[in-house]
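Reviewing the structure listed below.
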Amino acid sequence: MDLWKMEDLTVDSFELLYSGAVDKIKSHKSNLNLKEELRKLREETNVDSLRQELDKERTKRIDLEQKMNEVLKSRLEDSPPQPPRKQQSPSNNGTAEKQQKEVWSSRLQKWLHERFGVYIEDFRFQPEESTVETEEPLSAKRLTENMRRLKRGARPVTNFLRNLSALSNWHSVYTSAIAFIIYMNAAWHGWAIPMLLFLAILRLSLNYLIARGWRIQWSIVPEVFEPMEPPKEDLTVSEKFQLVLDVAQKAQNLFGKMADVLEKIKNLFMWVQPESTRKLYICLWMAFITSCVLPYKLMGFMIGLYAGIKFFIIDFLFKSCPKLRDKYDTPHIVWNSLPTDPQLKERTNATVSRRLSGIEKVQPIVSRSSLATVPCGVSREEETGRSHSTKKGAFHEIFSLSELERPLAVCENGWRCCLINRDRKMPTDYIRNGVLYVTENYLCFESSSSRSSASKKNKVIKLVDITDIQKYKVLSVLPGSGMGISIATPSTQKPLVFGAMIHRDEAFEAIFTQYMKIMTTTKPPASAEL
């Protein structure tokens, strides 16, 4: 019985195993079939084409929605808003009203933005941008070009002022007479301002025709055109330096005139000269009272007549008769009497020096002992010359000269200069700074670097030993005749040069005059031991 039972169990287990294996094989085959079907479906249906069709449908839907919105908006704009229906519930009515209000507010904001948004953007506050202008380097060519541009730009203004001056001076009698009659007639009938405006319009019309190529030239005074020199490309150093000096001189004079005008106006209003400002103060009060009492039409009539008579008659008389102008032309007198700031400074310094000289008068005191030592036959002038001294001591002791040798009156304080000894090679001996004196018989140079009274660095030259004296130009590239004096002596191979002299011409005249006086006189010069 046990054996039969065991056999039944083994048979049952084998059957179960077999059925499980068969199921696995069937499921595997079904998976393979499903994969093949999916692959076929993927090949048959293209995903990209489906996506493109989906995008097209979406765009169509968006377009349709936009068209529907536009149609609804147009209908709402054409037809007035309809009241809500009665059958709707209160909650639905409230939501509809809110939506309608939002729609209207959005439309109103959109309309305002489209109409006035551009103008509102202009009033938006923004921080100011700080722009730093680039400065051009200094250039002689650029400087001269700017001066020429300034001259060309100011030419129309100067021509206009010249024509007005010629009209006032009756340069052309017929033109001035016609202008005087026309202006006075216009001022009499109250047409002075319209006439001036009409003249401005006429001037602009003529300028338009000139710009279009018409040749229209009308001027009371013939215009003078200065020949414009073409700018040179290659300039030497001296030519560039001279060019810069010319332009700087013109700029200096122009700025000086402008500064004088501005300073005079400032001093007039700041009561620097009370007499002149008082006249202006009284005139302003009179003009204020007249403007409050008289009507403006009468005031305009009076001002127009006075301006015509002043411009055409009174100014002509004053310009033709200078003495009459100096006595009765009040604006001219006041303007010329107004001081500038440098003039005020000079007046203040002169007043202070005058007060000091009045308070403290220093007189030379000569002691009895010094008078006792004065030899007989020697004048007081020679005695004062004997006591002449420099910063380092007595004059005759510094140069080892006789006590009678003293600087001439023209160079009592000497001329600042530098001695250039071209025979020396060392830099310390080649050039020396100092002071140059001329006496009756000697030319003396006191070196500023000399420490003792009688130093070897000082130079003494006899006038009779000079073989040649002439003006000298140390640097040839600089404009002008130079700032030096060349003196040749037998003891030097190359002439000595006294350069960097501010008063070179004055020194040369004094030295040359004394030299000629010594050479032409028959009396031998006073000898001196060096």
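The values are calculated or read from the model by the stated rules, or taken from the named source; none is laboratory data. In this text the structure is predicted, and so the values were computed from the model without any measurement. As a convention, Cβ positions derive from the backbone with ideal geometry for all residues, glycine included, and neighbour counts pool all protein chains shown. For the accessible areas, the whole protein counts, side chains as well, though only heavy atoms, and no ligand, DNA or RNA atoms are used. Shrake-Rupley method; radii C 1.70, N 1.55, O 1.52, S 1.80 Å.
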> Of all helices (runs of 4 or more DSSP H) completely enclosed by the range 271-363, which ones contain at least 1 residues that are acidic (Asp, Glu), at pLDDT below 90 and closer than 27 Å to LEU167 by Cα?
Replying inline: 322-328
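Looking at the range 270-305, which of its residues are without any contact (Cβ under 8 Å) to a residue 40 or more places away in the chain and polar (S, T, N, Q)?
As a first pass, look at the range 270-305 and keep what is without any contact (Cβ under 8 Å) to a residue 40 or more places away in the chain: 270-271, 274, 277-278, 281-296, 298-299, 302-303.
Answer for the range 270-305, where residues must be without any contact (Cβ under 8 Å) to a residue 40 or more places away in the chain and polar (S, T, N, Q): THR277, THR290, SER291.
Yes or no, residue by residue, for (1) among the hydrophobic types (A, V, I, L, M, F, W, C); (2) closer than 24 Å to ARG406 by Cβ; (3) at pLDDT below 90; (4) in contact with a strand residue (DSSP E or B) (Cβ under 6 Å, 6 or more places away or on another chain):
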| site | (1), (2), (3), (4) |
| --- | --- |
| SER455 | no, yes, yes, no |
| ILE461 | yes, yes, no, yes |
| VAL477 | yes, no, yes, no |
| GLY480 | no, no, yes, no |
| SER486 | no, no, no, yes |
| PRO490 | no, no, yes, no |
| LYS494 | no, no, yes, no |
| ALA500 | yes, no, yes, yes |
| ARG504 | no, yes, yes, no |
>> Condition first: surrounded by 11 or more Cβ atoms within 10 Å (Cβ to Cβ) and hydroxyl-bearing (Ser, Thr, Tyr). Now tell me which residues in the range 260-299 satisfy that.
In response: SER276, THR277, TYR281, THR290, SER291
> Within the range 306-335, which residues are within 25 Å of GLU275 (Cα to Cα), open to solvent by 70 Å² or more (accessible area, probe 1.4 Å) and touching a residue at least 60 places away in the same chain (Cβ under 8 Å)?
Replying inline: LYS319, TRP335
>> Condition first: touching a helix residue (DSSP H, G or I) at 6+ places or on another chain (Cβ under 9 Å) and either hydroxyl-bearing (Ser, Thr, Tyr) or loosely packed, with under 12 Cβ neighbours inside 10 Å (or both). Now tell me which residues in the range 337-356 satisfy that.
In response: SER337, THR340
>> Just the residues that are open to solvent by less than 70 Å² (accessible area, probe 1.4 Å), without any contact (Cβ under 8 Å) to a residue 24 or more places away in the chain and over 27 Å from LYS250 (Cβ atoms), please, taken from the range 149-185.
In response: ALA177
>> Here are the criteria: (1) modelled with pLDDT of 75 or more; (2) open to solvent by less than 100 Å² (accessible area, probe 1.4 Å); (3) farther than 30 Å from PHE318 by Cα; (4) not hydroxyl-bearing (Ser, Thr, Tyr). Tell me which single one LYS101 does not satisfy.
In response: (2)
> Within the range 168-196, restricting attention to residues that are within 23 Å of GLY300 (Cβ to Cβ) and of a type in the set (S, T, N, Q), which residue is nearest to the chain's Cα centre (by Cα)?
Replying inline: SER168
>> So for the range 197-216 (the condition being in a loop (DSSP other than H, G, I, E, B), over 20 Å from ILE313 (Cα atoms) and more than 38 Å from the chain's Cα centre (by Cα)), does at least one residue qualify?
In response: no
> In the range 30-63, which residues are modelled with pLDDT under 70, assigned to a helix (DSSP H, G or I) and surrounded by 10 or more Cβ atoms within 10 Å (Cβ to Cβ)?
Replying inline: ARG42
> Pairs under 7 Å by beta carbon, first residue in contact (Cβ under 8 Å) with a residue 12 or more places away in the chain and open to solvent by 20 Å² or more (accessible area, probe 1.4 Å) in the range 480-507, partner outside any loop (DSSP other than H, G, I, E, B) and hydroxyl-bearing (Ser, Thr, Tyr), six or more apart or different chains?
Replying inline: GLY482/TYR472; PRO495/SER486
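Does ARG124 satisfy the criteria of being at pLDDT below 90 and either within 30 Å of LEU243 (Cα to Cα) or not in a loop (DSSP other than H, G, I, E, B) (or both)? Before you say what the answer is, go through the steps one by one.
Values: at pLDDT below 90: yes; either within 30 Å of LEU243 (Cα to Cα) or not in a loop (DSSP other than H, G, I, E, B) (or both): no.
Considered against the rule, which asks whether it is at pLDDT below 90 and either within 30 Å of LEU243 (Cα to Cα) or not in a loop (DSSP other than H, G, I, E, B) (or both), ARG124 comes out as no.
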> Any residue at all in the range 229-237 that is part of a helix (DSSP H, G or I), of a type in the set (A, V, I, L, M) and at pLDDT below 90?
Replying inline: yes
